[in-house]
């Protein structure tokens, strides 16, 4: 059985858990002074996404979220090193407790065990001015009221309370940026959260503690 090299596996795992790491960062209770009203349960929707990095890579396609907080990105990835575009899919499935990763260049899927809570999203709290935290944005984004989640390392998430505080725009300290648009509030097809039947799947190692 063929396995990814440590370097390639690390990159693949990092891509798969990126959204969930951001999700956990903003889905954590902080020192509060005021409750922000919003959906406590997960919200199912389908949207378009574009994800870019400073090195010129671009990943764009369809983004899916369902009420159990499973996430999936299906799209075309532009490799800046050779200018080629290939299919890439990243899935966080809270029911199976696995991340699934696929890149057309690999020719097979990688599954990685994860610990992803499917419990209800916690309520969010607005922090005092002396702490980095949630502040109301003056304008709506994609028709939704959003709050800015400013991290101490410079990372930014614009989260929408009506979407259970999902980040409509995310930019980390390394310059990776993801935006979603054309949001449709509907249940995604179950098939987008699992690899297709009959494909080759190899097992990967769980991410190290500091990578989660």
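Worth pointing out:
- Meets criteria (at negative phi and without any contact (Cβ under 8 Å) to a residue 12 or more places away in the chain) for residue 82: yes
- Matching residues in the stretch 132-146 - criterion: being modelled with pLDDT of 90 or more and either within 22 Å of residue 69 (Cα to Cα) or in contact with a strand residue (DSSP E or B) (Cβ under 8 Å, 6 or more places away or on another chain) (or both): 137, 141, 142, 143, 144, 145, 146
- Yes/no for residue 196 being surrounded by fewer than 18 Cβ atoms within 10 Å (Cβ to Cβ), modelled with pLDDT under 85, touching a strand residue (DSSP E or B) at 6+ places or on another chain (Cβ under 9 Å) and part of a loop (DSSP other than H, G, I, E, B): no
- Residues (assigned to a loop (DSSP other than H, G, I, E, B) and either modelled with pLDDT of 90 or more or within 16 Å of the chain's Cα centre (by Cα) (or both)) located in the stretch 108-131: 108, 114, 115, 116, 117, 118, 121
- Selection within the stretch 85-104: residues that are assigned to a loop (DSSP other than H, G, I, E, B) and touching a residue at least 24 places away in the same chain (Cβ under 8 Å). The member of this set that is nearest to residue 205 (Cα to Cα) is 96.
- Taking every residue in the stretch 47-67 that is within 21 Å of residue 141 (Cβ to Cβ) and pairing it with any residue that is assigned to a loop (DSSP other than H, G, I, E, B) and modelled with pLDDT of 95 or more, at least 6 positions away or on another chain, the pairs with Cβ-Cβ distances below 6 Å are 64/188.
- Some residue of the stretch 24-38 being outside any loop (DSSP other than H, G, I, E, B), modelled with pLDDT of 95 or more, surrounded by 15 or more Cβ atoms within 10 Å (Cβ to Cβ) and under 17 Å from the mean Cα position of the chain (by Cα): no
The values are calculated or read from the model by the stated rules, or taken from the named source; none is laboratory data. Since the model is a prediction, treat every value here as computed from it, not as a measurement. So basically every Cβ, Gly included, is an ideal-geometry build from the backbone, and we count neighbours across all protein chains shown.
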